[in-house]
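Just below is one structure, and these are the notes that go with it.
Bear in mind these aren't lab numbers, they're just calculated from the coordinates by the rules spelled out. Keep in mind the model is a prediction, meaning the values are calculated, not measured. A quick note on method: Cβ atoms are made from the backbone with ideal geometry, for glycine too, and the neighbour counts reach across all protein chains shown.
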Amino acid sequence: MSVLIETSGMSVGYTGQPALRDVDFTIASGEIVTVVGPNGSGKSTLVKTLMGLLKPTAGKVRRAEGLRIGYVPQRLHIDTTLPMTVARFLSLPDRRTPDETARMLRRVGAPGLEARQMTRLSGGQFQRVLLARALLARPGLLILDEPTQGLDQPGVADFYRLIEEVRRELGCAVLLVSHDLHVVMRASDRVICLNGHVCCEGTPESVVSAPEYRALFGGEAQGALALYAHHHDHSHERDGAETEHAH
């Protein structure tokens, strides 16, 4: 696995106030890494710095040469008075052929929406169209900032399943920013707990059990751990069944 982005001793601040300090972070090709942390913990600052939109006040950020980043923002406001079809939106900033557009919309589970106005989409459709646009850039790294806000529980689970499929097919790395601990635990290879600095990081089980994590998330941490264990057991049973089936 090749390293796509690496930071060492990175600090970032606004008007003299440090938002992040001494962050050592790496993400390698094919990994799904999740950043969790309370509001104001520096999650969005981290994303902006990794994307090159903010400059660190100390330390370094190294990106693999030619790394393409696909980005699904937390919120995107589209002026309701502005006519903008899905097809037009997907052709910004790079023009896409109708074939490319149709294929990608099918891939993200939103087929046939090309002529629909962006402002007339449901929350779930809107997120899938944003994902389609990010994937059309053929990213080596896909960054999703709180991508499931406003979706109901089944919608959230569907969206994360789709992300796992996309990662398998494209081999891209995925960086998720989330506070939805329960779902994130199921989808991640590695979790980074952030609160102005990296409090703890590691596999989902090790992070959920860490005292720093419990101090930040309290009772929610227990629920996430129970759910992770439950999912893990079932996925092992599934894997076992598939292996037997393969024989």
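Things to note:
- About the centre of its Cα atoms, the chain shows a dipole size close to 1120 debye [charges on the beta carbon of Lys, Arg (+1) and Asp, Glu (-1) only; nearest 20 debye].
- Residues whose amide H falls under 5 Å from that of residue 57, counting only those 5 or more places apart or on a different chain, are 11, 12, 13, with hydrogens built in the peptide plane.
- Between the range 53-75 and the range 84-107, the alpha-carbon centres lie 25 Å apart.
- Note on residue 100 and residue 158: with the Förster distance fixed at 25 Å, the Cβ-Cβ geometry gives a FRET efficiency of about 0.60.
- In terms of packing, defined here as the mean over residues of other Cβ atoms within 10 angstrom, the peptides 12-25, 195-208 line up highest first as 195-208, 12-25.
- Rounded to 5, percent antiparallel among DSSP beta bridges of the chain: 50
- Model label zone, residue 120; criterion: amide N under 15 Å from point 7 Å along Cα-to-beta-carbon; scope the range 67-97: 80-89
- CD proxy at 222 nm, helix term only [per DSSP H run n ≥ 4: -39500 (n - 2.57); per residue of the chain; nearest 500]: -13000 deg cm²/dmol
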